[in-house]
Structures are given as structure tokens and as C-alpha cells.
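Here's the structure we're looking at; comments come further down.
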Amino acid sequence: MAYNDFNMDNQWLPFTPNRSFAKDPRIFVAADGMHFTTHDGRQVIDGISSLWCVGAGHNRQPINEAIRKQLDTLDYATAFSVSNDKAFRAAEMIAAMAPGDLNKVLFCNSGSEAADTSMKVALAYHRARGEGQRNLFIGRERGYHGVGFGGMSVGGIPANRKVYGTSLLPRVDHLRFIHDPVKHAYVQHQEPVWEEDILLELENRILPLHDPSNVAAVIVEPVAGSAGWYVPPQGYLKRLREICDKHGILLIFDEVITGFGRLGTAFGADWYGVQPDMLNFAKCVTNGVIPMGGVVCSQRIYDAMMGAHGNAPDHAIEFFHGYTYSGHPVACAAAIATLELMQKEQLFARAGQMGQVLSDAMFSAVKGLPHVIGIRSLGLACAVELAPQAGMPGKRAFDVFLDCFHRGVLVRNAGDNLVFAPPYIVEREHIETMVSVLADAIKRLPA
Ligand SMILES: Cc1ncc(COP(=O)(O)O)c(C=O)c1O
């Protein structure tokens with residue numbers, strides 16, 4: 001199949017340089033295991049689990065069969081004031097995996113919707129408890145929480161925010177970023193140990209500025225994924241939890257990337273031993289094959305919301321929020337099959353083991369190459385940071401991405417970072433190919 005066999009005039013590609021794509025289209029027509037097939041019949045290794053989604057690898061029959069069976073049984077049912085059996089089972093499985101008393105699942109369809117849902121729960125929860133003045137959110141520089149107005153506002157990737165001006169939520173502040181490019185440029189499969197306490201600014205500047213009694217929630221990714229896999233300093237999330245507890249502020253972990261095995265544990269919360277009040281998920285929950293997202297809330301939040309209505313009659317709705325496709329039976333069937341498969345094949349543990357292999361291979365092949373100014377690995381993900389080209393940030397990484405693609409490896413370029421986050425079924429040989437293709441592409445960059 002050649003790309004001029006189909007009309008490319010009508011699709012506007014998301015988060016893509018469309019003009020450059022039109023000159024050099026990259027089109028997949030099939031996928032299996034670790035590989036894609038392109039429209040011109042080439043094999044490409046999926047080095048990024050298709051944006052952190054396909055943990056179990058492509059074309060997994062138990063998931064496909066569950067979807068087919070569900071389509072023939074209950075294709076769809078509305079989610080408002082009725083429900084379906086698969087939604088309850090999927091929620092039960094997710095709650096059983098989530099830490100502590102995180103056991104009430106609000107379903108949605110994406111990570112962006114999960115961000116906005118968790119922020120709305122935070123506002124509604126505080127109001128239900130008589131603290132409606134708590135309406136300020138704290139995100140973090142270079143955080144990514146999707147593209148809804150809520151998630152974008154607490155997010156901190158400048159390019160994603162810069163054209164939206166006053167449409168961003170007004171009551172938001174941001175923690176400083178968690179990266180020290182001088183002392184911690186290289187993070188090799190362990191937490192960096194910082195001498196400085198970078199949460200002092202939260203205690204000493206941000207909270208006093210706004211007054212802690214006005215703050216609804218802090219939202220962070222346990223490891224900053226979309227920005228380019230930045231790992232927080234040792235003790236950071238525990239201390240963040242303590243500060244939030246001290247001031248009655250909710251802590252939201254956005255685990256859209258770290259959820260369901262990426263760090264070798266069910267959630268980042270488990271890896272770090274810190275329980276948030278809400279945990280956002282998406283992507284790997286269905287192996288990416290059907291859109292699904294959600295927020296797991298603590299029992300305390302749920303109880304407060306249920307008890308909030310005093311003498312309200314039974315027919316009163318407690319939380320005016322939800323999506324037409326919340327708990328879609330086909331998505332829930334996919335989630336059930338995905339989580340069963342991951343459990344059966346012990347894929348979380350495998351992600352942890354293969355993460356070490358990826359990290360070792362990357363450090364030995366890439367450290368010291370021209371333009372490389374940092375490498376960071378944790379769990380089954382690793383980022384290589386390149387020095388930005390003068391006046392053209394992101395250009396070097398984009399060129400490397402294209403070069404790798406044409407040599408059969410899909411890597412993710414994020415700013416001047418190149419990130420690998422392969423499916424958990426990855427084998428050592430795939431990692432060797434991915435890393436050597438990347439190293440060669442970096443070597444080919446002009447000086
Ligand atoms: C941490 C995080 N939150 C939210 C999102 C947004 O998810 P979606 O693209 O499904 O809306 C992403 C997407 O990469 C993400 O990494």
C-alpha cells in the first residue's frame with residue numbers, strides 16, 4: 001500500500017508538525033507484539049508502547065476476544081442512573097489494585113478527563129465539608145495533565161499553555177521543577193539524592209502567599225512523564241504528602257503513565273510508598289486498545305460526598321459530573337481482560353526487570369556521545385537529553401526521531417529528550433536494537 005492510495009487531506013494530526021508530516025508520512029496499518037507494520041510494508045519496533053499505553057504488547061488475543069464477546073453481549077448502555085456488570089467488575093479490580101482506601105472509581109475516557117474529574121471532585125469535596133473557599137490548585141512546572149482547561153491550567157509545559165492566556169484557570173500556582181541539570185543530569189535507575197529540600201518553597205512561599213486554607217489540592221505525576229521522564233528527589237513525595245496532610249490539602253497523583261506497571265509495581269504510589277487521596281489513570285488500563293480513564297478516590301472523599309446532602313431526598317444526585325461513555329461496557333471488558341492478562345503473565349514484575357536491562361544498555365551505548373547532556377532511567381522507561389540546537393529547541397530530538405523511525409524504531413521526542421518506554425513484553429534483543437539505532441542516529445547529527 002502506498003500512502004497515495006488513501007486521501008490524507010482531511011485529518012488534522014494532534015500534537016504533530018502537520019506540514020512536515022505531509023512531506024514524510026509515517027503510517028501504520030498493522031501491529032503485533034512489539035512491532036508495527038507500515039503502509040509500505042516495513043517493521044517498526046514500538047519503543048514507546050504507543051505513548052505509554054500498550055504494556056502487554058500489540059494484538060493480544062485475550063483482550064481482543066473479550067472485546068468481541070462484549071460487543072455481542074452488551075454493546076453499550078447508558079451510564080447515568082443505570083450501569084452494567086462489566087463496569088462494576090472493572091472498578092472492583094482497579095480498587096483492589098489501588099493502595100490503601102482508594103476504592104471508589106469514577107470512570108471517564110482519557111487522562112485529560114481524569115485530570116478535570118479529579119479537580120472537580122476536590123472542589124466538590126471541600127464544599128461538601130463546608131470549606132468551599134478551598135478552590136486553589138497547585139501543579140508543578142513541566143507537569144502534564146492533558147489538554148482540558150483544568151489539566152492544562154495545573155500543567156506546566158509552556159508550549160501547551162502559551163496561547164490560552166486568561167482562559168486558563170485563575171486560581172493555580174506551580175511548584176518548581178524537579179530537575180537539576182548540573183548535579184543530577186544522569187539518573188541511573190534510582191532516585192536522585194538532593195541536598196536541597198525543594199519543597200521548602202511550598203511551605204515557605206507558595207502556601208503562605210495563598211494561605212493554605214484556600215488550597216484545594218496539589219496534583220503531580222509521581223515521575224514527570226510527558227516532559228521527558230524526570231525523577232523526583234528521594235523523599236520528595238513522602239514530604240509532599242506530609243505537607244498536604246498538615247494543611248488539609250488533597251494530594252492527587254496523576255498516574256496516567258506510571259499506573260499499571262511502568263515502574264514494576266501496580267502504581268507509582270506503591271513504588272514510592274505514598275498514598276494520594278485521588279489517583280488518576282488511563283492508557284495501560286485497557287492496553288490502549290479502547291479509550292478509558294478514571295479517578296480512584298479515597299473512601300473518605302466518597303463518604304463526605306454522600307453525607308453532604310443532609311436531608312436531601314433519595315433522588316438527589318450527589319455529584320453533578322460524568323461522561324456519556326463513563327464505564328462503557330466494551331472498555332470495561334477490555335480493562336478486565338488487560339488486568340487479568342497482566343496478572344497472569346506477571347507483567348508488572350517483568351517491566352521492573354526489563355527496566356534494568358534498558359537502563360544498562362542506554363547508559364553504556366549513549367553516555368558520552370556528542371550532544372548528550374543527560375540520561376534518566378527508572379522502571380521501564382529511559383530518557384536521553386540532548387543539548388538544544390541554538391535558536392531551535394527540539395530540532396535535534398525531532399531529527400533523531402525521524403532517523404530512528406526510518407531505521408525501524410519508534411522513539412518519543414519530547415522537547416530535547418528522546419524517550420523509550422517499551423511494552424513490558426520487550427526482549428533484550430529489542431532493547432539492543434532500539435538503543436543502537438538511537439545511538440547511531442545521535443552520532444549522525446551535525447556537530
Ligand atoms: C500524566 C498524564 N496525564 C494526563 C494525560 C492525558 O491523557 P489523554 O491524552 O488520554 O487525555 C497524559 C497523556 O500522556 C499524561 O501523561
(request) Filter region 31-52 down to the residues that are open to solvent by less than 50 Å² (accessible area, probe 1.4 Å) and in a strand (DSSP E or B), then identify the one that is nearest to residue 7 (Cα to Cα). (result) 38
(request) Count, please, the residues in region 90-141 that happen to be among the charged types (D, E, K, R) and within 23 Å of the chain's Cα centre (by Cα). (result) 8
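Can you say whether residue 71 is within 16 Å of the ligand (Cβ to nearest atom), open to solvent by 60 Å² or more (accessible area, probe 1.4 Å) and either of a type in the set (A, V, I, L, M) or more than 27 Å from the chain's Cα centre (by Cα) (or both), as far as the supplied structure shows? Lay out the reasoning, then the answer.
Values: within 16 Å of the ligand (Cβ to nearest atom): no; open to solvent by 60 Å² or more (accessible area, probe 1.4 Å): yes; either of a type in the set (A, V, I, L, M) or more than 27 Å from the chain's Cα centre (by Cα) (or both): yes.
Criteria not met by residue 71.
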(request) Could you check how many residues of region 301-322 are aromatic (Phe, Trp, Tyr) and open to solvent by less than 50 Å² (accessible area, probe 1.4 Å)? (result) 1
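Taking region 194-245, which residues are β-branched (Val, Ile, Thr) and farther than 30 Å from residue 397 by Cα?
Step one: of region 194-245, the residues β-branched (Val, Ile, Thr) are 198, 206, 215, 218-220, 223, 231, 243.
Scanning region 194-245 gives 206, 215, 218, 243.
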(message) Any residue at all in region 329-343 that's under 17 Å from residue 106 (Cβ atoms), within 16 Å of the ligand (Cβ to nearest atom), surrounded by fewer than 22 Cβ atoms within 10 Å (Cβ to Cβ) and at pLDDT 95 or above?
(response) no
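Restrict the check to region 285-293 and report whether at least one residue is small (Gly, Ala, Ser), over 27 Å from residue 238 (Cβ atoms) and either modelled with pLDDT of 95 or more or buried (at least 16 other Cβ atoms within 10 Å of the Cβ) (or both).
Narrowing region 285-293 to residues small (Gly, Ala, Ser): 288, 293.
Cutting the leftovers down to over 27 Å from residue 238 (Cβ atoms) gives us 288.
Okay, now just the ones that are also either modelled with pLDDT of 95 or more or buried (at least 16 other Cβ atoms within 10 Å of the Cβ) (or both), so 288.
Within region 285-293, one or more residues are small (Gly, Ala, Ser), over 27 Å from residue 238 (Cβ atoms) and either modelled with pLDDT of 95 or more or buried (at least 16 other Cβ atoms within 10 Å of the Cβ) (or both).
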(message) For the condition closer than 26 Å to residue 411 by Cα and not hydroxyl-bearing (Ser, Thr, Tyr), what is the one hit in 212, 232?
(response) 232
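Within region 182-201, can one find any residue that is assigned to a helix (DSSP H, G or I), among the hydroxyl-bearing types (Ser, Thr, Tyr) and either out of contact with any strand residue (DSSP E or B) (no Cβ under 6 Å at 6 or more places or on another chain) or at pLDDT 95 or above (or both)? Walk me through how you get there before you give the answer.
Here is the first cut: in region 182-201, the residues assigned to a helix (DSSP H, G or I) are 200-201.
Going one step further and asking which of them are among the hydroxyl-bearing types (Ser, Thr, Tyr), we end up with none.
No, that holds for no residue.
Got a number for residues in region 53-71 being assigned to a helix (DSSP H, G or I) and hydrophobic (A, V, I, L, M, F, W, C)? Can you show your working first?
Our first condition is that a residue be assigned to a helix (DSSP H, G or I); within region 53-71, this holds for 61-71.
From what's left, hydrophobic (A, V, I, L, M, F, W, C): 63, 66-67, 71.
Matching residues across region 53-71 total 4.
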(message) Given the criterion free of Cβ contacts under 8 Å to residues at least 60 places away in the same chain and open to solvent by 30 Å² or more (accessible area, probe 1.4 Å), identify the matching residue among 80, 15, 21.
(response) 15
(request) May I ask you to list pairs of residues, at least six apart or on different chains, whose Cβ atoms are under 9 Å apart, with the first in region 53-77 being touching a residue at least 60 places away in the same chain (Cβ under 8 Å) and on the phi < 0 side of the Ramachandran plot and the second being in a helix (DSSP H, G or I) and among the acidic types (Asp, Glu)? (result) 62/340; 66/340; 74/85
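Yes or no, residue by residue, for (1) more than 25 Å from residue 268 (Cβ to Cβ); (2) β-branched (Val, Ile, Thr); (3) modelled with pLDDT under 95:
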site: 91; (1), (2), (3): no, no, no
site: 94; (1), (2), (3): no, yes, no
site: 99; (1), (2), (3): no, no, no
site: 117; (1), (2), (3): no, yes, no
site: 123; (1), (2), (3): no, no, no
site: 128; (1), (2), (3): yes, no, yes
site: 132; (1), (2), (3): yes, no, no
site: 138; (1), (2), (3): no, yes, no
site: 142; (1), (2), (3): no, no, no
(message) For the structure I just gave you, tell me whether residue 294 is touching a Cys at 6+ places or on another chain (Cβ under 8 Å) and in a strand (DSSP E or B).
(response) yes
(request) From 430, 371, grab the single residue that is touching a residue at least 60 places away in the same chain (Cβ under 8 Å) and over 13 Å from residue 45 (Cβ atoms). (result) 371
(message) Considering only region 184-206, I want to know if a residue exists there that is more than 30 Å from residue 353 (Cβ to Cβ) and crowded, with 23+ Cβ neighbours inside 10 Å.
(response) yes
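The values are calculated or read from the model by the stated rules, or taken from the named source; none is laboratory data. Because the structure is a prediction, the values reported are computed rather than measured. In this analysis, Cβ positions are derived from the backbone assuming ideal geometry, glycine residues included, and neighbour counts consider all displayed protein chains. Note: areas computed on protein heavy atoms with side chains; ligands, DNA, RNA excluded. Shrake-Rupley method; radii C 1.70, N 1.55, O 1.52, S 1.80 Å.
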